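Accompanying notes for the structure given below.
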Amino acid sequence: MTLTLKIWRQADAAAEGRLHTYQLDEVSPDMSFLEMLDVLNEQLNAAGEEPVAFDSDCREGICGMCSLMINGEAHGPEVTTTCQLHMRSFADGDTITIEPWRAAPFPVLKDLVVDRSAFDRIIQSGGYISVNTGAAPDAHAIPVPKQNADRAFDMATCIGCGACVAACPNGSASLFVGAKVTHLGELPQGQAERDHRVVNMVAQHDHEGFGGCTNIGECAAACPKEIPLDVISQLNRDLRAAMRHGH
Amino acid sequence: MTSVATTDLVRGGRSTRTTIALKLTMAVSGLVFVLWVLAHMYGNLKAFAGHDAFDEYAGHLRTMGQPIFPHAGALWIIRAILVVAIVAHVTSAVILWRRAEGARTTRYQVKKNKHSSLSSRTMRWGGLALLLFIAWHLINFSAPRVNVTGGSTADPYDLVVDSFSTWWLTLVYLVAMLALGMHIRHGFWSACQTLGWTSTTRARHRAKSAGIFLAVLIAGGFSLVPIFVLAGVITK
Ligand code: SF4
Ligand code: FES
């Protein structure tokens, strides 16, 4: 395949960025999207140009490092991460525009790389449970109804990639926060800190500069892990409970 | 409320000072409006019962609640609630709108909407348009009252008939009802979601269907009188 790539290039956080156009030949439909960018970077290296900076780590859809707004869709046209997206999802001769996540709390560091440490701070402010360390307790020491365990597990699949924020017209991280709050709130271990968790995580979310949710639904459509909008209702419900309890 | 990335952790966060508290304010005030427009729409339909029934109803609005309340007392309480609701709704909306603008200062060159409804993406400008419409509507029918045909404004029923016999004014009202319908369609389900009532897929689908039902009912119900006046069915 031959592709025209329009890629956001920005030297560093302070620099002005703009889209650069590249032609790339002999792209195999079996390549992953990131492998395609690797090929481009090899060519740029060979030509003595600065390669395109982008994030990746596991390249198997579990770490949440890869990002990229591809033709206006977070993680591209399939319901998966950018690293698990393959070039067969595109056609020969396509023009592909690649931009970084756009959100004020996710400042661009270089090219397509953004700083997502805002998410780390949201997790730090409540996305945990407090337990005494020591020997691991028996797995069945605390019974968890299957329904709750399943829901907790489904929401725990959120990999913190930030696609929800990138896709949201309000730049809200409600889906991410909702996934975490629902995941821990479904489990007995998550009850002790439940009220504090939701208040602190939402307060941190707001403080980072993310927008408020208007239930538009672009987040859930973009999420590679198919986290449903339900979690935002759950988040609101937990916050309302915390409000009643005076937090 | 900063729009730059920070490195510090918030201490002593309060639930009442979050964006979700603002959304709750919007949800509750929005539901007050839904109840209000339902009642208002019901009242309008009295126009089909003719001049006397309609004006009698307009009079009843002033005497309802008597003798517990003074003359027009209940009406004033409702008006006060509506004023509080609109101030709360608009203020929260403006704060959240500004936040959203601040959260995406650099726009995408290419951005697709994969899933969202037009109604959901036009809540803000649509809401603003409704606000302007409400202002005109109050000038038109409450105070000071304007008869665009130049006739009298003393009789409520006659004012309605004169107003909607004017094609362009009917058009303005119909467009406004379209905007209202869209606002309610997304607003109702969004309020349910904000109140935490839609934490399952089924509940979400139900709330969305209820939103569409209410939107059609209210926008459709309000549109009947203007359409039937213009068509010459409701006359003086
Ligand atoms: S909710 Fe989905 S889109 Fe958002 S961070 Fe988690 S995995 Fe990514
Ligand atoms: S690189 Fe780990 S999820 Fe894509």
Note on A:His183: of the conditions (1) open to solvent by 10 Å² or more (accessible area, probe 1.4 Å); (2) touching a helix residue (DSSP H, G or I) at 6+ places or on another chain (Cβ under 6 Å); (3) within 11 Å of another protein chain (Cβ to nearest Cβ), unmet is (3)
For the condition within 12 Å of ligand 1 (Cβ to nearest atom) and either open to solvent by 10 Å² or more (accessible area, probe 1.4 Å) or more than 19 Å from the chain's Cα centre (by Cα) (or both), what is the one hit in A:Ala221, A:Ala203, A:Ala242?
A:Ala221
In the set A:Pro100, A:Pro77, which member is within 14 Å of chain B (Cβ to nearest Cβ), without any contact (Cβ under 8 Å) to a residue 40 or more places away in the chain, of a type outside the set (Phe, Trp, Tyr) and within 16 Å of ligand 1 (Cβ to nearest atom)?
A:Pro77
Conditions first: (1) more than 19 Å from B:Thr194 (Cα to Cα); (2) touching a Lys or Arg at 6+ places or on another chain (Cβ under 8 Å); (3) within 15 Å of ligand 1 (Cβ to nearest atom). A:Gly190 passes all but one, so which condition is the exception?
(3)
For the stretch B:98-118, how many residues meet the condition of being open to solvent by 50 Å² or more (accessible area, probe 1.4 Å) and in contact (Cβ under 8 Å) with a residue 24 or more places away in the chain?
2
Kindly provide the set of residues from the stretch A:139-158 that are without any contact (Cβ under 8 Å) to a residue 40 or more places away in the chain, surrounded by 13 or more Cβ atoms within 10 Å (Cβ to Cβ) and more than 16 Å from ligand 1 (Cβ to nearest atom), ordered by number.
A:Asn148, A:Ala149
Against the condition within 16 Å of ligand 2 (Cβ to nearest atom), crowded, with 24+ Cβ neighbours inside 10 Å and assigned to a loop (DSSP other than H, G, I, E, B), how does A:Cys161 come out, does it pass?
yes
Can you name the condition, by its number, that A:Gln84 falls short on among (1) farther than 19 Å from A:Val165 by Cβ; (2) away from ligand 1 (no atom under 13 Å from the Cβ)?
(2)
Being part of a loop (DSSP other than H, G, I, E, B), open to solvent by less than 20 Å² (accessible area, probe 1.4 Å) and touching a Leu at 6+ places or on another chain (Cβ under 6 Å) is the filter here; which residues of the stretch A:69-111 pass it?
A:Gly76, A:Pro100
Among the residues in the stretch B:84-94, are any over 30 Å from A:Leu68 (Cα atoms), at pLDDT 90 or above, surrounded by 14 or more Cβ atoms within 10 Å (Cβ to Cβ) and within 11 Å of chain A (Cβ to nearest Cβ)?
yes
The number of residues in the stretch A:56-68 that are open to solvent by 30 Å² or more (accessible area, probe 1.4 Å) and either basic (Lys, Arg) or within 13 Å of ligand 1 (Cβ to nearest atom) (or both) is 4
Which listed residue is assigned to a loop (DSSP other than H, G, I, E, B), more than 10 Å from ligand 2 (Cβ to nearest atom) and more than 14 Å from chain B (Cβ to nearest Cβ), from A:Glu49, A:Glu42, A:Glu60
A:Glu49
Residue check for A:Asp195: open to solvent by 20 Å² or more (accessible area, probe 1.4 Å) and more than 16 Å from ligand 2 (Cβ to nearest atom):
yes
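Yes or no, residue by residue, for (1) within 19 Å of A:Asn215 (Cα to Cα); (2) within 9 Å of another protein chain (Cβ to nearest Cβ); (3) over 13 Å from the mean Cα position of the chain (by Cα):
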residue	(1), (2), (3)
B:Met41	no, no, no
B:Ala49	no, no, yes
B:Tyr57	no, no, yes
B:Leu61	no, no, yes
B:Gly65	no, no, yes
B:Ala103	yes, yes, yes
B:Thr122	yes, no, yes
Is it the case that A:Ala152 is under 26 Å from B:Met123 (Cβ atoms), assigned to a helix (DSSP H, G or I) and over 12 Å from the mean Cα position of the chain (by Cα)?
no
From the set of residues in the stretch A:206-218 that are open to solvent by less than 20 Å² (accessible area, probe 1.4 Å) and free of Cβ contacts under 8 Å to residues at least 60 places away in the same chain, which is nearest to ligand 1 (Cβ to nearest atom)?
A:Glu218
Taking the stretch A:5-37 and keeping only residues that are open to solvent by less than 30 Å² (accessible area, probe 1.4 Å) and in contact with a Gly (Cβ under 9 Å, 6 or more places away or on another chain), one is left with A:Trp8, A:Gln10, A:Phe33
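The values are calculated or read from the model by the stated rules, or taken from the named source; none is laboratory data. Just so it is clear, the structure is predicted and the values come from calculations on it, not from any experiment. Note that each Cβ is placed from the backbone with ideal geometry, even for glycine, and that neighbours are counted across all protein chains shown. Ligands, DNA and RNA are excluded from the accessible area calculation, which covers all protein heavy atoms including side chains. Shrake-Rupley method; radii C 1.70, N 1.55, O 1.52, S 1.80 Å.
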